[in-house]
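Peer 1: Quick one: this structure, given as structure tokens, is what I'll be asking you about.
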Amino acid sequence: MTQPLWSPLPARPNIRAMKVTVDPVACEANAVCVRLVPQVFSIHEDEEGEDVLAIAGDGEVPAEYADGVRDAVTRCPKMALTLDG
């Protein structure tokens, strides 16, 4: 019996991307998260003239901003941000 010339690839680890969401009822748009990670969070006015928090990339957090987003979640004065992943 001959041996294969290559070994099978190991199974890929199940890596999930980090995702951040905002509770729009709890959020008061204090902008703490915006000051910490402006690449991910921003404030804009809705159609009723209220300030609302927007999250870039549908909430998917690029790896280079993960630490900053974790910090923003813990510093949110209304605890309106949630991490998944």
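The values are calculated or read from the model by the stated rules, or taken from the named source; none is laboratory data. As the structure is a prediction and not an experimental result, all values here were calculated from the model. Neighbour counts run over all protein chains shown; Cβ positions are idealised from the backbone, glycine included.
Peer 1: Can you confirm whether residue 35 is at pLDDT below 95 and outside any strand (DSSP E or B)?
Peer 2: no
Peer 1: Now for a separate question. Looking at region 45-55 only, could you name the residues that are of a type in the set (A, V, I, L, M) and farther than 10 Å from residue 20 by Cα?
Peer 2: 52, 53, 54
Peer 1: Additional query: List every residue pair whose Cβ atoms sit under 9 Å apart, with the two residues 6 or more apart in sequence or on different chains, where the first one lies in region 34-45 and is touching a residue at least 24 places away in the same chain (Cβ under 8 Å) and the second, anywhere, is among the hydroxyl-bearing types (Ser, Thr, Tyr) and surrounded by 16 or more Cβ atoms within 10 Å (Cβ to Cβ).
Peer 2: Matching pairs, first to second residue: 37/65; 39/65; 40/65.
Peer 1: Of all residues in region 66-78, which are in contact with a helix residue (DSSP H, G or I) (Cβ under 9 Å, 6 or more places away or on another chain), over 15 Å from residue 22 (Cβ atoms) and crowded, with 16+ Cβ neighbours inside 10 Å?
Peer 2: Listed by number, the list holds a single entry, 68.
Peer 1: Hey, among the residues in region 47-85 that are of a type in the set (D, E, K, R) and within 12 Å of residue 31 (Cα to Cα), which one's farthest from the chain's Cα centre (by Cα)? Break it down stepwise before answering.
Peer 2: Initial filter on region 47-85 (of a type in the set (D, E, K, R)): 47-48, 50-51, 58, 60, 64, 67, 70-71, 75, 78, 84.
Imposing the further condition that a residue be within 12 Å of residue 31 (Cα to Cα) reduces the set to 51, 75, 78.
Working: 51: 20, 75: 14, 78: 17 Å.
Looking at residues that are of a type in the set (D, E, K, R) and within 12 Å of residue 31 (Cα to Cα), I get 51.
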